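K.L.:
I am attaching a structure below and will ask some questions about it afterwards.
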Amino acid sequence: MKKLDISKPLVVGVILSVMGATGTVIAGHHEEGEYAKEKRELMKEQRKERRELKREFRAQKMLERVDANKDGVVDLDEYLTHAQNRFSKMDLDSNGVVTPEEAKESMAQMRKEFKEKRKQAMKDKAGE
């Protein structure tokens, strides 16, 4: 078996580093575990709060889009008009029926339009 030459400072430094790191991990394991658990729980709660804020924001934006007369509420006529416009966008061949293919294609077109609008809004904002 080969023996380590502990007269060299580098070897001694490596050995002490490994021993020190191992000792630290063992000695602080319980505390580190509790801290990590609390941190995970806090982060989980923060993610939950962010998701809820996003939902509220999206709901508000949806209401703003559908509220045609901008009175702060959406009545049935406004809702049905919005739904009919959306359906018309999806009914690509205007036959009164939306097929799965039309739905897929129209959603891709709407995503593309949204990205273009978003890109233009960012350009406008950068130009201000």
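The values are calculated or read from the model by the stated rules, or taken from the named source; none is laboratory data. It should be emphasised that the depicted structure is a prediction, and the values quoted were computed from it without experimental measurement. Note that we place each Cβ from the backbone using ideal geometry, even for glycine, and neighbour counts take in every protein chain shown. Ligands, DNA and RNA are excluded from the accessible area calculation, which covers all protein heavy atoms including side chains. Shrake-Rupley method; radii C 1.70, N 1.55, O 1.52, S 1.80 Å.
K.L.:
Here are some pairs, 89/112; 70/123; 48/119; which of them have Cα atoms lying more than 19 Å apart in this structure?
P.N.:
Going by Cα-Cα distance, 70/123; 48/119 fall outside the 19 Å limit.
K.L.:
Which order do you get for 107, 90 if you rank them by accessible area with a 1.4 Å probe, largest at the top?
P.N.:
Order by accessible area, largest first: 107, 90.
K.L.:
Dipole magnitude of region 49-96 about its Cα centre, charges +1 at Lys/Arg Cβ and -1 at Asp/Glu Cβ only, in debye to the nearest 20?
P.N.:
380
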